[in-house]
Every structure is written in C-alpha cells, then in structure tokens.
Amino acid sequence: MVAGQSRLHAIFELEPGTYLLTDFLVRSFRCCVLAELGLDSRPELWPDYFGRYRRVVWRRHSPTPPWTRRPLRSPRSSACR
C-alpha cells in the first residue's frame, strides 16, 4: 500500500494492533528483526514481541518496487545478507 499520513492514521484507528512494515523491513526482516531480537534462535519469544499484533500492513514507498517482482522468501528460511 502506498499511503499518506491520514490513511495510516485511519488504519491504526481501525485496528490498533497493526504492525507496519516498510520496504526496508520487508527486505531485511530476518536480519533487522528476527536476528536482532533473538527470534531466530528463541522462537518461543514470538508471542512476547508480536502477540498483540492482529495484522501486518506493508507501506510501500513506491507503487511497485522492482524487487517485488521476484518471490520473497520466508523470514525464517532466508539468509542474512
């Protein structure tokens, strides 16, 4: 989704338990989130970090970033680059 501030505000009002992903986090989720929080080695911590979230919204910076044309790997299976 490409959205401005007012649309994001409406999204959070509708569902406060929304986890917002940016292009950067989508590309680097394994390294920047999973590895840094220790979730790759301690998956039992998932509920502690993400248990209150009810949905994920990807806020894209452009309508169709070129790297989205290739399949994204699961954060648990992709290697850090």
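The values are calculated or read from the model by the stated rules, or taken from the named source; none is laboratory data. If you're wondering where the values come from, they're calculated on a predicted model, not measured in any experiment. Backbone-built Cβ (ideal geometry, glycine too); neighbour counts: all protein chains shown.
Figure legend. Inter-residue proximity from the range 49-62: first residues in contact (Cβ under 8 Å) with a residue 40 or more places away in the chain and of a type in the set (S, T, N, Q), second residues in a loop (DSSP other than H, G, I, E, B) and surrounded by fewer than 13 Cβ atoms within 10 Å (Cβ to Cβ), beta-carbon distance below 9 Å, spacing 6+ or different chains. Indicated pairs: Ser62/Val2. Take the residues of the range 11-31 that are among the aliphatic types (A, V, I, L, M) and assigned to a helix (DSSP H, G or I): which is surrounded by the fewest Cβ atoms within 10 Å (Cβ to Cβ)? Ranking the qualifying residues of the range 11-31, first place goes to Leu14. The set of residues from the range 33-81 being of a type in the set (D, E, K, R), at pLDDT below 85 and part of a loop (DSSP other than H, G, I, E, B) comprises Arg60, Arg70, Arg73, Arg76, Arg81.
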